[in-house]
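The values are calculated or read from the model by the stated rules, or taken from the named source; none is laboratory data. Computed from a predicted model, the values in this text were never measured in an experiment. Positions of Cβ are backbone-derived with ideal geometry, glycine not excepted, and every protein chain shown enters the neighbour counts.
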Amino acid sequence: MEPVTLASLQAIEDGGFAEAEAEIDGSAESLILYRDGDSVRAWLNVCPHAGRRLDWAPGQFLKSKDGLLVCAVHGASFELQRGECVAGPCRGDCLKPVAVEVAGDAVLLRT
């Protein structure tokens, strides 16, 4: 199976987010991509609290002064190593991770 390119690494600001669309387990899904230097972590763009997207507009994510990803709907805050909710209505829950890898300048969905 051919690797699926989600984004260019250079298109994601270091310490920033991007949104990508991909087929996961046969369903079209929105993904959150987070760049940390030369690596990228990804999660489904779904808040575990209410099942809604975390972005306030397509591809636009909120980041707190403390460096947490913040759900635009109910304010749940997620740390960016494991995607764990550390504040808000779903404290202790985690975003669902998606396996990605960086190859050159490409962020690839790991299949």
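Which of the residues belonging to the range 15-33 are under 18 Å from Phe61 (Cα atoms) and polar (S, T, N, Q)?
Ser30
Could you tell me which of the residues Glu19, Glu23, Glu29 is outside any loop (DSSP other than H, G, I, E, B), among the charged types (D, E, K, R) and buried (at least 17 other Cβ atoms within 10 Å of the Cβ)? Steps first, answer last, please.
Numbers: Glu23 fails: buried (at least 17 other Cβ atoms within 10 Å of the Cβ); Glu29 fails: buried (at least 17 other Cβ atoms within 10 Å of the Cβ).
Only one candidate qualifies: Glu19.
Does any residue in the range 1-14 that is touching a residue at least 24 places away in the same chain (Cβ under 8 Å) and closer than 15 Å to Gln60 by Cα come within less than 8 Å, Cβ to Cβ, of a residue that is surrounded by 19 or more Cβ atoms within 10 Å (Cβ to Cβ) and charged (D, E, K, R) six or more places away or on a different chain, and which pairs are these?
Filtered contacts from the range 1-14: Ile12/Arg35.
In the range 71-102, which residue that is among the aliphatic types (A, V, I, L, M) and under 14 Å from Leu33 (Cα atoms) is surrounded by the most Cβ atoms within 10 Å (Cβ to Cβ)?
If we take residues in the range 71-102 being among the aliphatic types (A, V, I, L, M) and under 14 Å from Leu33 (Cα atoms), then Leu95 is surrounded by the most Cβ atoms within 10 Å (Cβ to Cβ).
For the range 60-70, enumerate the residues that are surrounded by 14 or more Cβ atoms within 10 Å (Cβ to Cβ) and assigned to a loop (DSSP other than H, G, I, E, B).
Across the range 60-70, the qualifying residues are Phe61, Leu68.
I need the full set of residues from the range 1-44 which are among the hydrophobic types (A, V, I, L, M, F, W, C) and over 13 Å from the mean Cα position of the chain (by Cα), in order please. So that I can check it myself, show each step before the final result.
Here is the first cut: in the range 1-44, the residues among the hydrophobic types (A, V, I, L, M, F, W, C) are 1, 4, 6-7, 9, 11-12, 17-18, 20, 22, 24, 28, 31-33, 40, 42-44.
Within the range 1-44, Met1, Val4, Leu9, Ala11, Ile24, Ala28 qualify.
Output the residues belonging to the range 43-58 that are surrounded by fewer than 18 Cβ atoms within 10 Å (Cβ to Cβ) and either touching a Ser or Thr at 6+ places or on another chain (Cβ under 9 Å) or not in a loop (DSSP other than H, G, I, E, B) (or both).
Residues satisfying the conditions are Ala57, Pro58.
Say we look at the range 53-69 and pick out the residues that are under 11 Å from the mean Cα position of the chain (by Cα) and aliphatic (A, V, I, L, M); which of these is nearest to Val40 (Cα to Cα)?
Leu69
Starting from the range 28-50, take each residue that is over 17 Å from Gly104 (Cα atoms) and list its partners that are among the polar types (S, T, N, Q) and assigned to a strand (DSSP E or B), counting only C-beta distances under 9 angstrom and pairs at least six apart or across chains.
Leu44/Ser30; Asn45/Ser30; Val46/Ser30
Criterion first (in contact with a strand residue (DSSP E or B) (Cβ under 9 Å, 6 or more places away or on another chain) and not hydroxyl-bearing (Ser, Thr, Tyr)) does Ala76 satisfy it?
On the way: in contact with a strand residue (DSSP E or B) (Cβ under 9 Å, 6 or more places away or on another chain): yes; not hydroxyl-bearing (Ser, Thr, Tyr): yes.
Answer is yes for this residue.
For residues that are more than 14 Å from the chain's Cα centre (by Cα), among the hydrophobic types (A, V, I, L, M, F, W, C) and assigned to a loop (DSSP other than H, G, I, E, B), tally how many sit in the range 77-111. Steps first, answer last, please.
To start, the set of residues in the range 77-111 that are more than 14 Å from the chain's Cα centre (by Cα) comprises 86-93, 102-106, 110-111.
Restricting the remaining residues to those that are among the hydrophobic types (A, V, I, L, M, F, W, C) gives 86-87, 90, 102-103, 106.
So of that shortlist, the ones also assigned to a loop (DSSP other than H, G, I, E, B) come out as 90.
Summing the residues that are more than 14 Å from the chain's Cα centre (by Cα), among the hydrophobic types (A, V, I, L, M, F, W, C) and assigned to a loop (DSSP other than H, G, I, E, B) in the range 77-111 gives 1.
Which of (1) modelled with pLDDT of 95 or more; (2) over 21 Å from Leu6 (Cα atoms) does Gly75 not meet, given it meets every other one?
All conditions pass for Gly75, except number (1).
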